[in-house]
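The values are calculated or read from the model by the stated rules, or taken from the named source; none is laboratory data. For clarity, every value in this text was computed on a predicted model and none was experimentally measured. Counting neighbours? That spans all protein chains shown, and the Cβs are built from the backbone with ideal geometry, glycine included.
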Amino acid sequence: MDELFPAAPQVLTVTEITRSIRSFLETEIGQVWVQGEISNYRKQPSGHQYFTLKDEKCQLACVRFHRSAQIAQQPSLADGMQVQVRGMLTVYEARGQYQLNVNLVQAAGAGLLQAKFEALKKKLEAEGLFDGARKRTLPAFPRVIGIVTSPTGAAIRDMLNILERRAPWIHIVINPVRVQGDGAAAEIAAAIAEFNDHAKNGLPAPEIIVVCRGGGSAEDLWAFNEEIVAWAIFASAIPVVSAVGHEIDFTIADFTADLRAPTPSAAAELIAPDSETLLRHMEQMRQRISRCLSSTLEKQRERLTFIQRGVLFREVGSRLTEWSQQVDYCEETLQRLAATAVSDSRQRVAHLLGALRQHRPDQAVRLKRQQISQLLHAVGERLAARIEHEKHRLLKAKSLLDVLTPEATLRRGYTITTDEKGKVIRSAKAVRKGAEICTRFTDGSVNSTAQ
């Protein structure tokens, strides 16, 4: 029956299938980078931009909405431009047409450089080259500045003009290098190392090293994105300032350096104090010190005038005489008290000597020795008497024991009979017939058998 009457197929509306395709594209493909040539470019009054991105075989409809076009550093679009765009692949449902909603545009070739830049930045950051804790503070008043740059560029001219105007006392040493092209990165790194080894290379000792160049494309600035330059800045014992390109340009050297300046001119203003500002500040300090000094002198004059007008100042002589008399009085009193104290001390010493004579230690010792001798004699007599008494007691006890011993009993004519185990037999009933017994006399023993 199922073969004769198959189930009805699922039928989708145009909206449903279009939305399914859109969902599939957005979830399975999503954000992508696409490279091609712009054609059919048009910009609407709303600010939205529509164009087609094409290559030799295919084309792709694209739209860049106004909010995305406002992002800084994105180039203006025109037909014929070779670009790389990034966006969300989706479907414009009203027409059933798939398109790319562009959110980022860059010139063709810049994408590879950007990817390389991000990869190196991530690597060096993990290795600690960008750690803020190692970045040093620049000296406020440097005397020698080393500059690593091209000697013919506009950047060095601007820096020299600003440094001459702001701080003409600074000694500037330029180590000329190429700032773009093959080998430029190696020259920049070598110049930084030469400044650090200034004694060996016959250079003045710089207190700051500035690595700089003017603006340019990403390719022009790429020498300052090389790893060799980053490691040279990291290894520098001298603080390094990076001033590469314009304010919107960022390089690996900027992240590694102790200070990043948006432009070479800004670097000159950051590292060199303004002499005019310093002079104004010094003049202000001079005026402040002068005012403070004048105020202090005036206060001291007023104080001196007050002292001169005081009673103490007018009567210094009389006060000195009075104090002299007080000193004499104190001297007499001190002598009198000292004499009294000495007399009292002598009387006390005489009294103590008399008491000492009455209680001479040698006489007291002699008396104690006599007492000890008498006690020893008395103890000896009592001990001898006690020993003699105990001897009599022992002899008496011995006599009693001799009377009560078995030997004394035997001497009186008695005998002692024991069994084969040596146990004393006290009754005839305790002896079995045929038992071996021993009868002990005073002069020997006799063994016998009980009948």
Exercise for the section: Could you check, for region 108-131, whether at least one of its residues is under 30 Å from PHE65 (Cα atoms) and touching a strand residue (DSSP E or B) at 6+ places or on another chain (Cβ under 6 Å)? Expected result: yes
Fill in the blank from the handout: Residue count, region 216-225, condition part of a helix (DSSP H, G or I) and touching a helix residue (DSSP H, G or I) at 6+ places or on another chain (Cβ under 6 Å), comes to 3
Fill in the blank from the handout: For helices (runs of 4 or more DSSP H) lying entirely in region 270-366, having 1 or more residues that are modelled with pLDDT of 80 or more picks out 275-309, 316-358
Exercise for the section: Quickly run through region 226-260 and pick out the residues that are outside any strand (DSSP E or B), crowded, with 22+ Cβ neighbours inside 10 Å and either of a type in the set (Ser, Thr, Tyr) or over 30 Å from the mean Cα position of the chain (by Cα) (or both). Expected result: VAL229, GLY245, THR251, THR256
Practice task
Any chance you could count how many residues in region 67-103 are at pLDDT 80 or above, aliphatic (A, V, I, L, M) and surrounded by 17 or more Cβ atoms within 10 Å (Cβ to Cβ)?
Solution key: 8
Exercise for the section: Collect the residues in region 150-188 that are of a type in the set (Val, Ile, Thr) and either at pLDDT 90 or above or buried (at least 19 other Cβ atoms within 10 Å of the Cβ) (or both), keeping them in residue-number order. Expected result: ILE156, ILE162, ILE170, ILE172, VAL173, ILE174, VAL177, VAL179, ILE188
Handout entry: Residue under evaluation LEU120, criteria (1) surrounded by 17 or more Cβ atoms within 10 Å (Cβ to Cβ); (2) under 45 Å from the mean Cα position of the chain (by Cα); (3) hydrophobic (A, V, I, L, M, F, W, C), criterion not met
Key = (1)
Fill in the blank from the handout: Within region 192-215, the residues that are surrounded by fewer than 22 Cβ atoms within 10 Å (Cβ to Cβ) and either part of a helix (DSSP H, G or I) or on the phi > 0 side of the Ramachandran plot (or both) are ALA193, GLU194, ASN196, GLY202
